[in-house]
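Q: Would you mind keeping the following structure in view while I ask a few things?
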Amino acid sequence: MSILVCVIRNFCLARLHKIFFYRLELIYRVILKQLYWVQTMKDGYDIAEHAVEYGTKKGASYIEARFVDSRSEGYTTRNGAIIGGGETFSKGIGIRVIAEGGIGFCSTAKLEKENIEKAIDVALKMGRASKRKTPIIFSEEDVVETKWQSDVKQHIEDKSDEEKVQFVIDLDKTLVSQDFGESLVMRTLLLEMNRNKKYIVNSEGSKVESDKSLIAFYTFNTAKGPLGSEQRFYGQASSKGWEWFKEDNIVELIIEDNRALVKTANHAENMKLGVTDVVVSGEVAGIIAHENTGHPSEGDRILGREGAQAGESFYIDLLEKQKLGEIKIGTEAVTLIDDPTLPGSAGFYLYDDECVKARPRYLIKEGMINDLLLNREFASRFETKSNASARAIGYDREPLVRMANTYFAPGEYQVEELIEDVKKGIYMKSFTEWNIDDRRFQSKYVGLEVYLIENGEVTETMIRRPTLELTTFGLFGGVDAVSKDTEFPYGTCGKSDPSQGAPCWMGGAQVRMRNIRLGGE
């Protein structure tokens, strides 16, 4: 008996010994990374400040330097097998100058002073060579010196690679263990984690330091049913840390989303409804807010800067005839906000990439076009102040006018009240595809999980791919009620060439629209 006790005791001690040294190694690696980042950021401050000093001496009327040290990590599984993963690191500096009324941008990962100076010389030549008839002028803004960071309890670096990989594999096993039968035929899961430390300094004296984390989880899954297959790309993200999974019940949300996908594939029916009432979830309202309001509100689109790259804006026709605050685009129930300051949001920031303090932007207020998305260049052209809409995705990208978190503002109704007043209609809980023209006016949204409403109640009858195909005026002009509750799915907003995919939330309240003509299969 004593021999058995000794064997058990030695096994336990060996196990504890292994765990102890594994934890010690992990702590050591975290400390080394933190020391590396501290030194890197210190070097980055020095090189950014040198760039501003050099550019000013060389004749730039304005210069900003943006040093970025970033870490990205991701792991992907397909049907339970790892098909990709790893970490990438990058650091570099982006520099923008105004010289003789023209703007020049350069970037480099070679952070020696000689290379920086050569890059600035090129940017200055670009600015001067443009020979603009109308010089670029930035709006006058407050000089600031500040720091901000996202609220993170457990940084992604504090979890081992093995734990992250296992998390994705275990989540796939959890999906397989659900009562989906054989319907969920293809499962692609992606865990993505980023952390960006940034230092921005400009020739006006502003200095902004930031540290933002982003953690995201996507599923791109296919379910097969009697009428064919249904696909769903679904994402959730936050500027929190690893704690996000538990705090926001992410695993449960993913399970329920896949349950709805399987249910739709197996039970949705083709049905023609014609003109009817429509209640859309925060997810569907969010993509409408993003595409039909967020993009046409971008100042660079309105004035043509993005015309050949990401499209134009139908707002230009309206603004030629009326002023902001006088243009009616929807009913009084429609208020749409873009707010970078939402805590924990994917598009979170407190100062933009031009050192301007962020605030909520009321793009539509009680049915009227109220505010535009503006950086300093386009704020000057509209003879106003910037509302901190300048964002760059990486040191080698120029700051552009971008959305952050665009959503339908909450209203006065419970969700049940939106539905109980509908004699016959649909409840569109999610969408499977969307399309919109380059001017952000003619739009199409195809439903995925959609239920028939009869006599004020959501029935079990599911409708296959009903389509909202309306102009922006048609969508917002039909809104008569908005719910109190909100939801914020994740999205990546594409723009520019080379492309910049900006993380954002798009969601908000649930919305009821009256007398909408539906298309469908």
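Q: List the helices (runs of 4 or more DSSP H) that sit entirely inside region 244-363 and contain at least 1 residues that are small (G, A, S) and under 30 Å from I200 (Cβ atoms).
A: Per the criteria, 282-289, 299-302.
Q: Only residues that are of a type in the set (S, T, N, Q) and not in a loop (DSSP other than H, G, I, E, B): list them for region 494-521, please.
A: Q510, N515
Q: Which of the residues belonging to region 79-107 are touching a helix residue (DSSP H, G or I) at 6+ places or on another chain (Cβ under 9 Å), surrounded by fewer than 18 Cβ atoms within 10 Å (Cβ to Cβ) and not acidic (D, E)?
A: Those that are touching a helix residue (DSSP H, G or I) at 6+ places or on another chain (Cβ under 9 Å), surrounded by fewer than 18 Cβ atoms within 10 Å (Cβ to Cβ) and not acidic (D, E): N79, G80, A81, I82, G85, G86, G101.
Q: State the number of residues belonging to region 141-168 that are assigned to a helix (DSSP H, G or I), buried (at least 16 other Cβ atoms within 10 Å of the Cβ) and of a type outside the set (D, E).
A: Going through region 141-168 one residue at a time, the tally reaches 4.
Q: Now a separate question. In region 443-464, which residue that is surrounded by fewer than 20 Cβ atoms within 10 Å (Cβ to Cβ) and outside any strand (DSSP E or B) is farthest from the chain's Cα centre (by Cα)?
A: N455
Q: Let me ask something else. Return yes when I436 is closer than 19 Å to R514 by Cβ and over 18 Å from the mean Cα position of the chain (by Cα) and no when it is not.
A: It is false that I436 is closer than 19 Å to R514 by Cβ and over 18 Å from the mean Cα position of the chain (by Cα).
Q: I'd like the full set of residues that are among the aliphatic types (A, V, I, L, M) and touching a Phe, Trp or Tyr at 6+ places or on another chain (Cβ under 7 Å), limited to region 405-425.
A: Matches in region 405-425: I419 only.
Q: If you check R397, R440, which single one turns out to be more than 25 Å from E366 (Cα to Cα), of a type in the set (K, R) and outside any strand (DSSP E or B)?
A: Going through R397, R440 in turn, the sole match is R397.
Q: Taking the condition of being without any contact (Cβ under 8 Å) to a residue 40 or more places away in the chain and assigned to a loop (DSSP other than H, G, I, E, B), how many residues in region 112-139 meet it?
A: 7
Rundown of residues vs (1) touching a Gly at 6+ places or on another chain (Cβ under 6 Å); (2) over 23 Å from R517 (Cβ atoms), yes/no style:
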| position | (1), (2) |
| --- | --- |
| K246 | no, yes |
| L253 | no, yes |
| K272 | no, no |
| D277 | yes, no |
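Q: Return yes when V201 is over 12 Å from I254 (Cβ atoms) and over 27 Å from the mean Cα position of the chain (by Cα) and no when it is not.
A: So V201 fails the test.
None of the figures in this text is laboratory data; all of them are computed from the coordinates on show. Please read all numbers here as calculations on a predicted model, not as lab measurements. With ideal geometry, Cβ positions are generated from the backbone for all residues, glycine too; neighbour counts draw on all protein chains shown.
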